[in-house]
1. Looking at the structure I just gave you, is Asp44 within 32 Å of the chain's Cα centre (by Cα), at pLDDT below 90 and of a type in the set (D, E, K, R)?
2. Which of the following residues is more than 33 Å from the chain's Cα centre (by Cα) and not assigned by TED's automatic domain parsing to the domain that holds Ser55: Ala30, Ala22?
3. Any residue in the stretch 30-56 that is more than 19 Å from Asp3 (Cβ to Cβ) sitting within a Cβ distance under 9 Å of a residue that is at pLDDT below 75 and among the β-branched types (Val, Ile, Thr)? List the pairs, counting only those 6 or more apart or interchain.
4. Anything in the stretch 2-40 that is within 17 Å of Ile54 (Cα to Cα), charged (D, E, K, R) and in a strand (DSSP E or B)? List them, or say none.
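The values are calculated or read from the model by the stated rules, or taken from the named source; none is laboratory data. Just so it is clear, the model here is predicted, and its values are computed rather than measured. Counting neighbours? That spans all protein chains shown, and the Cβs are built from the backbone with ideal geometry, glycine included.
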Amino acid sequence: MTDKVIMKFTKAHGVYVPGDVAGFDPVRAAKLQAVARPFDPEKDDLRKVSPGGISDAELTAGLQDLAAREAAVAEREAELAAKLAALESAGGAGTGEKTAGDPPAAKSPGEPPKPSSK
């Protein structure tokens with residue numbers, strides 16, 4: 001029985017994504033050198049990396065960016081709500097009510113034409 005070589009993927013390959021760790025026979029491990037490197041338990045502490053290969057610092061920065069974007073969206077929503085309220089109080093626009101300036105509704109086409117006899 002041959003020993004397995006433990007490899008850590010640095011690029012996506014098949015079902016493996018960067019950060020995945022798997023064991024292979026030495027011949028297969030040699031063929032994977034372009035997308036994986038030998039796993040070193042001293043150097044590669046898997047507990048420091050969250051799922052998906054994102055470090056805790058990157059995850060924290062991403063969450064802060066997301067919070068800033070959500071705050072900006074909430075601010076824009078509040079501005080739009082205020083504008084809509086001003087429009088509704090000024091003339092009923094946006095309420096579904098008809099005003100004097102609204103164009104007349106299109107007339108229904110009526111009955112379909114009768115077929116001609118040829």
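1. Yes: the conditions hold for Asp44.
2. Ala30
3. Close Cβ pairs (under 9 Å, with a partner that is at pLDDT below 75 and among the β-branched types (Val, Ile, Thr)) amount to Ser55/Val49; Asp56/Val49.
4. Lys8 - this is the single residue of the stretch 2-40 that is within 17 Å of Ile54 (Cα to Cα), charged (D, E, K, R) and in a strand (DSSP E or B).
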